[in-house]
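Comments concern the structure below.
Nothing in this text is a laboratory measurement; each read-out follows from the coordinates by a stated rule. It should be emphasised that the depicted structure is a prediction, and the values quoted were computed from it without experimental measurement.
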């Protein structure tokens, strides 16, 4: 019996865990030597069994049998590289059978920081995206439930449009863009309008995701005269308490720019999602953007041209994934049920060992129509605009 079995579930956030040559094996020859291999130490604990799995590209038959035996408790089992289907596409289909999700977005784990790094040469950034998108398409190729998410830097509009066309040709189903100024410009810059227009025409959503902007705040904020705390994994590169306060800020600014620069207005068929950046901030953003549009519409032509309130544009064209520890019911009561989507974050540990249980608790008492929107319909609307 599957973990998710009470209704139809669409999972707006899952991941693959890249093997060392994930990028380099799929890179064009001219840029291959400049793209780094994936560092396994970033996501794995060294062990003989893991080293063998990395070499063969699959867990041993004994390990697969052990994981399958978990049944509907699979989501509570091993995480990261040790999870079923973390890096092998054939195992992933078995994992989905046990998880019970009808469809899921599949993001990479370690590739985006290279493709989105503004200090890298443009050819490395776009070469990394090209390699990633080939590899992602291959991973998702045998199972229609897996919706591969492409990487798309936005630093050069022409290169972005070319890579977008390539991702579409591969059959990838969504586009991960960085939530930072694109090449030193707003995402609403005129040069990028053909990119947004093509996504709208192709009915392929753009997605923001944690990792599309630096995870950590400026180091000055961590200087207390005392030792700087480690991150929650015991290292120094992941999220710490103060980082969590600001983790959504860049995404919030990006969404605000798309609205106030008229991108959603000009492209009513464009759809987008904000993934693994929480959603408790969304109701206040809607209120604030509506006020901004009212107050500044006389002095800013883009705001005066809006035919709908920003909150209506966002509700119509975007959706957000709350963290399992957030109160989704409160968000819905404060805004509306069309804005939020279920996600598992499988096989990352951040998704927890029973995300459905935690979401169900915060949605207790909500009508069936609201539950259907959260668990499936809102993500489905991103895919069928």
| Whole-number D in µm²/s for segment 60-141 (Stokes-Einstein; Kirkwood sum over Cα pairs; 4 °C, 1.567 mPa s) | 90
| message | Suppose only helical runs count, i.e. DSSP H with n ≥ 4. What mean residue ellipticity at 222 nm does that imply for the chain under -39500 (n - 2.57) per run, divided by all residues and rounded to the nearest 500 deg cm²/dmol? | response | -11000 deg cm²/dmol
| query | Using alpha-carbon pairs under 8 Å, 6+ residues apart, how would you state the relative contact order of the chain in percent? | reply | 19
| Expressed as a fraction of 2.2 N^0.38 Å, the rule-of-thumb size for a compact globular protein of N residues, what is the C-alpha radius of gyration of segment 137-204? | 1.14
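Run the numbers on segment 1-103 and let me know its relative contact order in percent, using alpha-carbon pairs under 8 Å that are six or more apart.
42
Share of antiparallel DSSP beta bridges in the chain, in percent to the nearest 5?
5
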| Compactness index (Cα Rg / 2.2 N^0.38 Å), segment 5-136 | 1.14
| Ratio Rg/Rh [Cα only; Rh per Kirkwood] for segment 303-385 | 1.02
| query | How big is the Cα convex hull of segment 231-351 in projection, averaged over all directions, in nm²? | reply | 8.5
| query | When only alpha-carbon atoms count, how far does the chain stretch along each of its three principal axes, as whole angstroms with the largest first? | reply | 67, 55, 53
